[in-house]
1. Run residue 248 past the list (1) in contact with a Ser or Thr (Cβ under 9 Å, 6 or more places away or on another chain); (2) modelled with pLDDT of 95 or more; (3) open to solvent by 10 Å² or more (accessible area, probe 1.4 Å) and report the number of the one that doesn't hold.
2. Identify all residues within segment 613-633 that are part of a strand (DSSP E or B), buried (at least 19 other Cβ atoms within 10 Å of the Cβ) and in contact with a Phe, Trp or Tyr (Cβ under 9 Å, 6 or more places away or on another chain); write none if there are none.
3. Which members of segment 175-220 meet the condition of being part of a strand (DSSP E or B) and either open to solvent by 10 Å² or more (accessible area, probe 1.4 Å) or within 26 Å of residue 491 (Cβ to Cβ) (or both)?
4. Looking at (1) over 30 Å from residue 441 (Cβ atoms); (2) in contact with a Phe, Trp or Tyr (Cβ under 8 Å, 6 or more places away or on another chain), which one does residue 120 not meet, given that it meets all the others?
5. Which of the residues spanning segment 467-493 are open to solvent by less than 10 Å² (accessible area, probe 1.4 Å) and more than 12 Å from the chain's Cα centre (by Cα)?
6. Which count do you get for residues in segment 658-668 that are surrounded by fewer than 16 Cβ atoms within 10 Å (Cβ to Cβ) and among the β-branched types (Val, Ile, Thr)?
7. Considering only residues that are more than 17 Å from residue 511 (Cβ to Cβ) and open to solvent by less than 40 Å² (accessible area, probe 1.4 Å), which ones fall in segment 552-567?
8. Search segment 158-175 for residues that are in contact (Cβ under 8 Å) with a residue 40 or more places away in the chain and pair each with any residue that is aromatic (Phe, Trp, Tyr) and assigned to a loop (DSSP other than H, G, I, E, B) when their beta-carbon atoms are under 6 Å apart and the residues are at least 6 apart or on different chains.
Amino acid sequence: MRRRIVLLLTGMVFSVGMLAQQTAGNYQSGFKQEGNRFYFTNTGNKTIIEFCTPSMFRVRISWTGSFADNEPWMVKQYNFQPVAVTAKQNTGDFLLTSSGLKIKVNKSPFRIEVYNAKNELLSADNGSYKNADTVGCIKKLGADEHFFGFGERMDFLDRRQKKLTLNVGRGTGLPHAVGAYNILEANYSPVPFFMSTKGYGIFFHNAYPTTWDMGASNAQAYSFSAGGGELDYYFMVGPTFPELLMDYTTLTGRSPLLPKFALGLHVGTYSGGTWGYEQNTSDQYVIELARKLREMGIPADLLWLDSTWRIFGKTGGKGATSFEWRETFKNPAAMFDSLYAMHYGMVGLHLSPRFDNGNKLELLDTAQKLKYTYPEGNYAGEFVNFFDSNAVNWWWQHGVLRVASIGARFLKTDEGSAFGALANESEKTGPQGKEIAALHNVFPIAYAKGAFEKFQQYNGIRGLNHTREGYAGIQRYPFIFAGDWPSEWQYFQPVITAGLNIGVSGVGYWTHCMGGFEHQADPELYIRWVQFGMFSPLAMVFGMDHPGYKEPWNYGDDALRNFKKYDSIRYSLLPYLYSTSYEQYKTGMPMMRALVLNYQHDENVYNITDQYMLGDNLMVCPVTTKGAQTRTVYLPQGNWYNYWTGKPVAGGRYWNVVTPLDSLPLYVKAGSIIPSQPVMKYVDEKPVDAITLDVYPGPDTEFNLYEDDGKSLKYQQGEFAATKITAIGNVITINKPSGKFTPAPHSWIIKLHLNKKPAAITENGKPANWSYDELNQLVLIKVAADNRSEVNIKVN
């Protein structure tokens, strides 16, 4: 019998079996510097520490003696400018110091400690290891350290003392309540990245399934490991979460700007017949749905047809794509023409990543012969090989172009998780084996990338792709939705949690099915979910329940009235949302922000999963309890305003507020300027003749209004306009737009939230046109000058 010895080492328990396998060892020789890279030869492995910026570095440890090539799916930027680093070798360690951090590399055993510019210890290794195929790292856990990130998780926000596995998919097994609908297992878009409240972040650059123990097993340490590949991670020093997100998205890319109309309402439809009711589908249903939205005055801009537009083929059924229209669609081309004639910005189609043979097209057979499907052992396979550009080109030319040429302008790329794992729509798992374990998580990225880039090129405007699954880097292609959660109260709040977690993980464009996806929605739940949905980064309504399909007129008069109200508010806030999306593109800060992003050191916000900031200024507090007459909200330190009444509310405390059914608790941070515009049936229905500025006085009151042409990629070359608006002391200044883009002329209306009537107001030194509403404590100023001139409003 093998003798077992257990050692206690810096708070971690190891068995001889583990220690006998490969660790980071001791430094032996070979220390050298090449550019930003520092090389170390240790017992049993080689290590590279590479500075990316003064505040970010990469660690790679190889026990095989060689390092893998850089992959193209997760990380976008590998090449960085030279970083000034001072290297010093001491008897027992190396010191690598930049302007942003200091790394202490202990020689024996080989371990890494990281200090910030103030020489405060941020992180210390307890060891790195390779155990068979598994590679991992153990680090000391700070007594007051909390962790946020890890992708679109539905269970918790703060991950301290939690353990989790990141692998694209969701729960399995029956019944669905503990399988597919298990929020503890939901993992549609995991991201192996976290931020610590100590002011640092770690991105584990590994596509294998990863396991994270953030102090669940040991109160003094946390660990992360992968089922294969290298130990390869990036370490970044903030110290703030916004700075960390900027670093992370510098590596993995940022969300591009969508067409402006994509911030309007997205409407999904089963064309009158979900699964089991396919005979009810028709192109006329889609046209009538679009027309009804227009006739009822419900603003909307995008439509897509889910899976029942196409016949389910001979091999893959619902989980594959034949590219043949169902016979109930008599004239799809005319359908697209009718929809665009009603000014819908884009119309898209759902598909799956597997080819299939239809009644007329045998795309699967042909693709297999050409080796454009990913092989499954001795079988040629059915999944399009999205890792092969030639396969992607063939998929586009012989499949997607059949629908793009008659009017489809984007795709809903569904079922990316089926590559190498159990699919939702069938028992098909796709390719299997050790090689596939390294590809399963990045397949959804390659899949979405192919569709996004092909349509962007074909359409000649900014791209759009709608997907459910993702991994690190999915934000580039560019939005995901939360998945197929039932229309039950128990799933409502976890969906909000998913949005908060994906945001702190670098993904900014995110949405969900308002009212839930499966099952008939309780009208009250539909109302509350719609309120949240219209204040989400993207607004989407779509359901599988027959015959309601989450269409707003199918859930009662109150639900319809609520839908129109909040949809209209969203459209009025388009200048605010569009400006926020540009900030997201430049900085990586998501549109929907967990409170911890802005209030990193306020422990009260660490577990708040039913409140968030939408942009810099709006606090959104959804009501997630059936029949609730009140809810508790937490307002962080500072002053706030009630959005509905304009009345000031003190921060730094909890409030119990009333929640009538038609009212979503909303608050505005003092020091905010919220721009809005007239409501339209669709984005850019007519020129914006006036922009209203709601000014909420406070410290550092400023807003940068972003404008461009709304469709092209010219913004990437600087063709945009930024209008800086400030309220400092008693002076409101609206600067002339700056930049290469010339916005259309429009007037300004200022709504100044002030609890006392001013004695006088001037505009550019002359008496202004203003009035005061004492009941609502609101100063209304109709500005004489338009946006082609600088405006100075002085309030006495």
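The values are calculated or read from the model by the stated rules, or taken from the named source; none is laboratory data. Note that this is a predicted model, so its numbers are computed, not measured. Note: ideal-geometry Cβ built from the backbone for every residue, glycine included; neighbour counts use all protein chains shown. Quick note on the areas: whole protein, heavy atoms, side chains included, nothing else; ligands and nucleic acids left out. Shrake-Rupley method; radii C 1.70, N 1.55, O 1.52, S 1.80 Å.
1. Condition not satisfied by residue 248: (3).
2. The first filter runs over segment 613-633 and keeps only residues part of a strand (DSSP E or B), leaving 613-614, 618-620, 630-633.
From what's left, buried (at least 19 other Cβ atoms within 10 Å of the Cβ): 613-614, 618-620, 633.
Within segment 613-633, 614, 618, 619, 620, 633 qualify.
3. Residues of segment 175-220 that are part of a strand (DSSP E or B), as a first pass: 187, 190-196, 200-204, 210-213.
Across segment 175-220, the qualifying residues are 187, 190, 191, 192, 193, 194, 210, 211, 212, 213.
4. (2)
5. Step one: filter segment 467-493 for residues open to solvent by less than 10 Å² (accessible area, probe 1.4 Å), giving 467-475, 478-483, 485-487, 492.
Scanning segment 467-493 gives 483, 485, 486, 487, 492.
6. Of the residues in segment 658-668, 1 are surrounded by fewer than 16 Cβ atoms within 10 Å (Cβ to Cβ) and among the β-branched types (Val, Ile, Thr).
7. As a first pass, look at segment 552-567 and keep what is more than 17 Å from residue 511 (Cβ to Cβ): 553-562, 564-565.
Selection gives 555, 556, 559, 560, 562.
8. 158/606; 162/156
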